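In what follows, a single structure is set out as structure tokens and then discussed.
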Amino acid sequence: MTLASSPRLAGYVGLAALGLIVGLAVGRVEIVALAAPFALAAVVGAALKREPQLEASLALDRERALEGDEVVAAIELRTEAGAARLDVFLPLPDELEATRPNPRGIRLAAGESRTLELPLRCVRWGALGVGPALVRARDALGFHSWEGRVGHSAALRVYPSVETLHALLPPLETQVFIGNQVSRAKGEGVEFADIRAWTPGDRVRRINWRVSARRGELHVNEEHPERNTDVVLFLDTFAEVEHAGRGTLDLAVRAATSLAHRYLGRKDRVGLVSFGGFLSWLFPASGTLQLYKIVDSLLQMDIVLTFAAKGVDFLPPRTLPPKALVIALTPLLDTRSASALLDLRARGFDLVVIEVSPVPFVDPGKGELADLSYRLWRLSRESLRARYQRAGVPVVEWQDGVPLNVPLEEVAAFRRYARPARA
Amino acid sequence: MYAAVLADAIARDPRLAVVTAVLGGLGFLLLAFMLVLGWQGSLAAALLLLGGAYAGAVVVHGASVDERAPLVAVGLLLCGELASWSLEERIHVVAERGVVRARAVAVASLCGAGLVASALVIAVAGAPAVRGLAPTAVGALAAVAAIALAIRLARR
């Protein structure tokens, strides 16, 4: 710990010395008497110079929390020499808020151990580091202070809150494993699909007796089987726009979390691709473990500026399985992501683009030139949307404050009336 | 506290009232400067100016010993301690009551001990003069011991 002495201590020593010398020189005891208390204070100040020998540890009551939850940080302090005043401050990231005073001043006797509890409210998601604690110890009269960091930091993962989604986007084609999505194919299932003539090998219980009686020959029911879906969440992390703690990346992460939670809940396989300055991916898989992997990966999401050209060729083939539904969450700010998505569409992937609109976070500026620039920028975005739509890709704008159900419903309506052409 | 000491110094000798008031006023300005801007470096200078004003009034006033000197000395010390404490509390830290109480007790104890030390100086100066080798040696040893103790404590 770093020692710092109060400037007044040196001042007292100087006053005492000056008083003694002047008093002796002019032969007046009153001046020596003026100096005496300052000399005493200087001696006392030197006597109080004892380092507190502080030990501390920091622990959180849990490692994972949701937005809005309260987490308690416990700082255990112990000192061998004692501290007349100990100011303890726990540095917090912007995503956490202390609900009790921080810093706090306490007193520790020699050999005493004490635990300070500080409740923290999780304001925003993220992979966060709390601490280490900063302390400043002072002697009884404040002549000396010792400052430093004590203990270690603690890791906390705050997960984004999940939005309730009423309906999910159905894929154009399902996969082969059992799931909750009604497939277009015909086979054994619950949803009625068709009636056909009986062939050897058909089960007796599938025979539609009414039709068979009417037609005079056996006919069986065909159903749509329930199959699972492969979904790939494609996040554009080339650039973002933010304002007052909210931004396009924040919205994209929240949407991805909600979508992953819902799709994995109905036994689908979900993968993740972060396409930007830092390329990362998760192969599609199912289950709770995959949900944790996706959310932990989303917590690490950050914008890394780069000018390198990137394409989807950089991604391993398993990242984008055939017939997967690719849901792209992009602010449409970077042309590289637009090119990559159009490339995916050209390769036959079932692509949906949810435009995380940066418009609410942009200040149009004042003046004719700023207004013109803003309008040109809006027009260029319209042009990019038109490119997607010409390629048969549904693009919906999603603004902050609007429930995610709204753009999903718009996409579903688009796909209901506009089927992609197949060669 | 500062104003009280200054008033006492001015009242000590009306012949030097103007000089005392100017010196003390300058010291007051320095003290205010310290409290407003948070610069502790000017504390000693402020106390020195006021102490100097009092010392000048005492010297000019006459040969009789001013028995109120210990009170003036403690007043100056208390002024310095309170000014320094108020500067430390500028950085708002919510402290337990025991912390504030302990500091108040420590300041009061220091001022009390300072009053006793200052009064002892006046009392010893008023005692009949004792001459001889033994008292001189005792005095010299006491001075050396005090300095050695101070050095030892400072080195700790």
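The values are calculated or read from the model by the stated rules, or taken from the named source; none is laboratory data. Computed from a predicted model, the values in this text were never measured in an experiment. Virtual Cβ from ideal backbone geometry, glycine too; neighbours counted across all protein chains shown.
Remarks
- Residues being part of a helix (DSSP H, G or I) and at the interface with chain B (Cβ under 7 Å from one of its Cβ atoms) - total across the range A:1-17: 5
- Of the residues contained in the range A:366-384, none is found to be touching a Phe, Trp or Tyr at 6+ places or on another chain (Cβ under 7 Å) and assigned by TED's automatic domain parsing to the domain that holds A:L342.
- Filter pass, A:V411 being within 27 Å of A:S258 (Cα to Cα), not charged (D, E, K, R) and not in a helix (DSSP H, G or I): no
- Among residues of the range A:320-356 being among the small types (G, A, S) and in contact with a helix residue (DSSP H, G or I) (Cβ under 7 Å, 6 or more places away or on another chain), the one that is farthest from A:V406 (Cα to Cα) is A:A340.
- From the list B:A143, B:A125, the lone residue that is at pLDDT 65 or above and either under 26 Å from the mean Cα position of the chain (by Cα) or closer than 30 Å to A:L86 by Cα (or both) is B:A125.
- Test: A:V162 is in contact with a Ser or Thr (Cβ under 6 Å, 6 or more places away or on another chain) and crowded, with 16+ Cβ neighbours inside 10 Å: yes
Yes/no matrix, rows are residues, columns are (1) touching a Ser or Thr at 6+ places or on another chain (Cβ under 8 Å); (2) at the interface with another protein chain (Cβ under 9 Å from one of its Cβ atoms); (3) under 20 Å from A:V135 (Cα atoms):
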{"site": "B:A73", "(1), (2), (3)": "yes, yes, no"}
{"site": "B:G80", "(1), (2), (3)": "no, yes, no"}
{"site": "B:I91", "(1), (2), (3)": "no, yes, yes"}
{"site": "B:V99", "(1), (2), (3)": "no, yes, yes"}
{"site": "B:A104", "(1), (2), (3)": "no, no, no"}
{"site": "B:L115", "(1), (2), (3)": "no, yes, no"}
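- Residue in the range A:24-49 that is surrounded by the most Cβ atoms within 10 Å (Cβ to Cβ), counting only those that are more than 7 Å from every other protein chain (Cβ to nearest Cβ) and either in contact with a strand residue (DSSP E or B) (Cβ under 9 Å, 6 or more places away or on another chain) or closer than 20 Å to B:A46 by Cβ (or both): A:A35
- Looking only at the range A:283-305, residues that are surrounded by 15 or more Cβ atoms within 10 Å (Cβ to Cβ), hydrophobic (A, V, I, L, M, F, W, C) and either part of a helix (DSSP H, G or I) or at pLDDT below 90 (or both) come to 7 in all.
- In the set A:A412, A:A370, only one residue is in contact (Cβ under 8 Å) with a residue 24 or more places away in the chain and either surrounded by fewer than 18 Cβ atoms within 10 Å (Cβ to Cβ) or small (G, A, S) (or both); that residue is A:A412.
- So B:C111, is it farther than 19 Å from A:G27 by Cβ and more than 9 Å from chain A (Cβ to nearest Cβ): no
- Elements of type strands (runs of 3 or more DSSP E) contained in the range A:54-122, each with 1 or more residues being among the acidic types (D, E): A:54-60, A:70-79, A:83-89, A:96-98, A:113-122
- Residue in the range A:43-54 that is of a type in the set (A, V, I, L, M, F, W, C) and under 30 Å from A:T115 (Cβ atoms) present: yes
- Residue within the range A:69-88 that is over 24 Å from B:V93 (Cβ atoms) and either surrounded by fewer than 18 Cβ atoms within 10 Å (Cβ to Cβ) or not assigned by TED's automatic domain parsing to the domain that holds A:P7 (or both) present: yes
- Qualifying positions in the range A:316-330 - in a loop (DSSP other than H, G, I, E, B) and of a type outside the set (G, A, S): A:P316, A:L320, A:P321, A:P322, A:K323
- Of A:V356, A:V396, all but one fail to be free of Cβ contacts under 8 Å to residues at least 60 places away in the same chain, surrounded by 13 or more Cβ atoms within 10 Å (Cβ to Cβ) and under 12 Å from A:L332 (Cα atoms); the exception is A:V396.
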